[in-house]
Each structure stands twice: as C-alpha cells, then as structure tokens.
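Input: a single structure, listed below in structure tokens.
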Amino acid sequence: MCPVIHSRCATLEDSVKPVKKILISVPTVLAFTCTSGVLAANAATNDTENGGVFSSPRTKISESLAALPHDSDLLNLPLVKANPQLSLDLLKSLPDAAKNSNVHIDSSIDKSTVLFYPDGTLVPGQSADKMQRGKSMRGCGDWTSFYAPPFVIGPVAEQNCGVFGHKGYTRGYTWKANDGVFTQAVVQARGYECVDYVTVPLPGSDCGYKGYREVFKGLGVGANGSGSVFWGNVISKPAVRGQSLGTPFPYSGQFI
C-alpha cells in the first residue's frame, strides 16, 4: 500500500491584527512507486527522454572536424551544420544523400550501419560491403529479440540497421511474445521530438537546425501489439524496451 504524505502547512500571523491568521498550503511532491503495476502504468503512458539533446547548432564541433582546414568543403556540408558533433570518420562513411541534407544523426549510428529508407529500399551510395549486407536484410525489417523484466523497465534492444527518416515521418512498430511466453508487457519505442518543442511536432513539420531529442514513447500493453511514434528527419536504429506485467516472471519477445 502506498504511503500517504500530507502537505505541510505554515501559519503566518499578522502583526497588526493578531487574531487574523493566513493559512498557506505548501504542496509536497510525491515521487514514489509502490507496485510494479504503478511503474508499468507510468511506463506505458509517460514519455521518457534518453540520451539528451543531439544534432543541435549549439553543440561544439567535434575534434576531428575542428582539425580540418577552415576552408574545407566538408565543413560547408548541410549535414555538418546540422550535426557539428559528427566524427570525421562517420561523416566520410555516409552516402551523399545524407551529406547533402540536414538530416539528424543519432548516436546509435556508426560506420558499419546499413541505411534504409522508410519504404525498405537501400540508401544508394553506401560502401560495397554495406550494399551487399543490405541485400540480405528485409529493409530494416527483421524481427529483433527484446527482454522485459518485472519491476523495472528493461534494456534497450536495437535493430542492426538504420532508418533514414524524413520530414513528418512516423515510425510504426509491432511486437509479439516468443513461443511459450504467457505474460504481457508494457512496451516503449524509440522516437524523436524537437528540442525547442513541448510536444511532438505535427506531421509535415520539421525541427530544422533546432535539433532533435530522443524519447521512448509508450506503444501499449499486451503479449502482442503495435503502435507508432514520431520519427522525423532523423537517421537512427529502431529500438524498443519494456517491462513485464507477469510479476515475478519476465517477458521475452520480438519486435519489428
């Protein structure tokens, strides 16, 4: 049973009229979770930031980019203006479609990440190795395992590929329980929002150079389910995390 914390009250006496009293209520903020059910409900409905702000013009330029000559053409690329923290190695590994855009690059992306457009087609201009590996993938649509423990939100599970989003893009997710699993889970999925926006931007809007922030949005509760989150003009890896409702049993499943 959750403890009840009463608000503390302060009484101030008026020096001119001592018989008159003013009662001021001082609210007490209660941040306490007493059951896994409460925690799960919060996980399903609340947005959770993870990793903070990235791709912002206020971010200091990376050391490897700062070492370039000031007149280097690379420093004038739209991608660098939108992602001043990019390493030079990662920048060089990206296809021209990314370099010549103001797409925002999530920290989950590295030199080996194969990139796909939302419709599942390979982004052209990647290295021969990436293009070859990409042909064996189902458009960044392979089922990926994830684990959801009881009592707490579990670790983030990522797909092994990146999605090249666009202005107004919303990413859909589907999850299902593994065979023999009879518990349900609260599931959250990786999405993004604008740094300077209070709420998720409407479809068709764009953060521009303001930058994006990673958030995990609640998709729902169940052994199986689906949902969508705002993604926008971001290159990142689809990812989920969750919490089992089958206390004390964990949940294991797959997402796509």
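Every number here is computed from the coordinates shown, using simple stated rules; none is lab data. Keep in mind it's a predicted model, so treat the numbers as computed, not measured. Methodologically, a virtual Cβ is constructed for each residue, glycine included, from the backbone with ideal geometry; neighbour enumeration extends over all protein chains shown.
Return the ratio Rg/(2.2 N^0.38 Å) for segment 96-135, where Rg is computed over Cα atoms only.
1.14
Starting from the Cα of Asn178, step 7 Å toward the Cβ, then list every residue of segment 228-252 with an amide N under 18 Å from that point.
Label zone hits: 240-252.
What's the whole-number percent of alpha carbon pairs in segment 73-218 lying beyond 25 angstrom?
Percentage above 25 Å: 37.
With just the Cα atoms of segment 121-180, tell me how far they stretch along each of the three principal axes, in Å, largest first.
On the principal axes, segment 121-180 reaches 45, 29, 18 Å in Cα extent.
By the scheme Lys and Arg +1, Asp and Glu -1, what is the net charge of all other residues having a beta-carbon under 12 Å from that of Ser226?
Spelling it out: positives minus negatives among the neighbours equals +2.
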